[in-house]
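J.: Would you mind keeping the following structure in view while I ask a few things?
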């Protein structure tokens, strides 16, 4: 065997086998594994979004199903003859509302007879169908319109919370077994009154424009005074937190030297943004009420406390907006002879304005829904039964706020207050949605391209 033959045999034995032909259009095992992992990740993301949407829809359904009933109220139409002798006797009586209630009961009994409705309930027992404030409604009308005495006036009087709950499906017949306020005979009468058109359910404007009521009159409770209290608080927060927060942000971002002191300030601002809101309530109680002796439960005090809570959020968002403006804008302004202040206020600040306004409104929305600080300064325990007399009273007179009013209604025993708590949540969410929409509009309105 020659050397050439041995060499050829060795080369033949050591040569690798040719690889099988594979198309680039056909995925191999590793590619299929990566594609499967990518599909699983997408499915995880879709599942997370679906779970989030499910809980969001469940939350909205719970709020709307429980709270929409607060925007409707049951009224009883009664023709009340304002007899002069009865009115004068009622005004001379020590318990005036009791006399006016007797006038309403007699007129209502005549109304039932006129409508052909028969009932075994005595005339005195008919008053359970009406709100305890019905007598005050008639008396207020008589005092405001003395010329109506001697005539018959048609009143739309508010029904009691039990009758209102029965028409809304909140009160069942089996629930009245141990209820001293109403019985099955009253519900039978309510069904006949509804068929005769004497009892009807309408939109409840008083819930939006009214004030809070005592525990005996849940059907007359409204959130209007609390909305006014929240408005005055938000004015305090806006006019204090916006200029202070923006000024502090401009100084820290554009003028302050980079040293340990400014680093300490920045760390403390970040820490204050994470402090629980009830801590600010304790601070407000100690400083504004116990030390400065400002009036308790006043929107001014609430606004000052919420300003302290909102300032870190506004400062952080404003600094982020200023930092997002390219340094070339500052350099170009300085290059054409502008001073440091001119470059900031004429060029940097207008470009950062969308982010500043967005952060400010988000901070205000956060403050609008806070309850814990208001609990410490007494707003939760105050019943806002009257509107403020003027602008000064709006800031300094005791009042409540929407989140505090919702909390107060939620802890009361009557289911009608619970329904109004859900209705107050709807009003509060509408306010928050409006503020977020305004933030989006302002951001698009002031947004500039560079």
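J.: Using r as the Cβ-Cβ distance of residue 259 and residue 396, and R0 as 56 Å, what FRET efficiency do you calculate, to the nearest 0.05?
T.: That gives a FRET efficiency of 0.85.
J.: What's the exposure ranking of 397, 65, going from fewest to most Cβ atoms within 10 Å?
T.: Going from sparsest to densest Cβ surroundings: 65, 397.
J.: Averaging over every viewing direction, what projected area does the convex hull of the Cα atoms of segment 75-203 cover, in nm²?
T.: 8.2
J.: Between the helical axis of 29-67 and the dominant principal axis of the chain, each derived from Cα atoms, what acute angle in degrees is found, rounded to the nearest 10?
T.: 10
J.: I've got another one for you. With a cut-off of 20 Å, note down the residues of segment 137-157 whose backbone N falls inside the zone around a label point 7 Å from the Cα of residue 110 toward its beta carbon.
T.: Answer for segment 137-157: 137-143, 145-157.
J.: For residue 282 and residue 120, compute 0.36 nm times the residue count separating them, minus their Cα-Cα distance, and round to one decimal in nm.
T.: Fully extending the segment from residue 282 to residue 120 adds 52.5 nm.
J.: Please compute the Cα-Cα pair-distance distribution of segment 224-446 with 5 Å bins starting at 0, giving whole percents from short to long.
T.: Result returned by the calculation: 1, 7, 13, 16, 16, 14, 11, 8, 6, 4, 2, 1, 0, 0, 0.
J.: Tell me, 128, 92 in order of fewest to most beta-carbon neighbours within 10 Å?
T.: Ranking 128, 92 by Cβ neighbours within 10 Å, fewest first, gives 92, 128.
J.: Could you check the spin-label model distance between residue 413 and residue 291? Points 7 Å from the Cα along Cα→Cβ, value in nm.
T.: Going from the residue 413 label point to the residue 291 one covers 4.2 nm.
J.: Where in segment 362-402 does the label zone of residue 443 land, with the point 7 angstrom along Cα→C-beta and an amide N cut-off under 15 Å?
T.: From segment 362-402, the list is 362-366.
J.: Let me ask another. As a test of the formula, what do you get for the chain when each DSSP H run with n ≥ 4 contributes -39,500 (n - 2.57) and the sum is divided by the residue count, at 222 nm and rounded to the nearest 500 deg cm²/dmol?
T.: Helix contribution divided over all residues of the chain: -20000 deg cm²/dmol.
J.: For each of 293, 347, count neighbouring Cβ atoms within 10 Å of the residue's Cβ, then give the residues from fewest to most.
T.: The most exposed by this proxy come first: 293, 347.
J.: What is the distance in Å between the Cα centres of segment 287-310 and segment 319-335?
T.: Each part reduced to its Cα centre gives a spacing of 37 Å.
J.: Counting pairs of alpha carbon atoms under 8 Å apart in space and at least six apart in sequence, what relative contact order in percent does the chain give?
T.: Rounded, it is 18 percent for the chain.
J.: If N is the number of residues in segment 197-256, what value comes out of its Cα radius of gyration divided by 2.2 N^0.38 Å?
T.: That works out to 2.04 for segment 197-256.
J.: Follow-up. So I have (1) 1.25; (2) 1.19; (3) 1.16, and one of them is Rg/Rh (Cα atoms, Kirkwood Rh) calculated from this model. Which one is it?
T.: Correct label, based on the coordinates given: (1).
Every number here is computed from the coordinates shown, using simple stated rules; none is lab data. The shown structure was predicted, so the numbers you read here are calculated from the model rather than taken from an experiment. Every residue, glycine among them, receives a Cβ derived from its backbone with ideal geometry; neighbour counts consider all protein chains shown.
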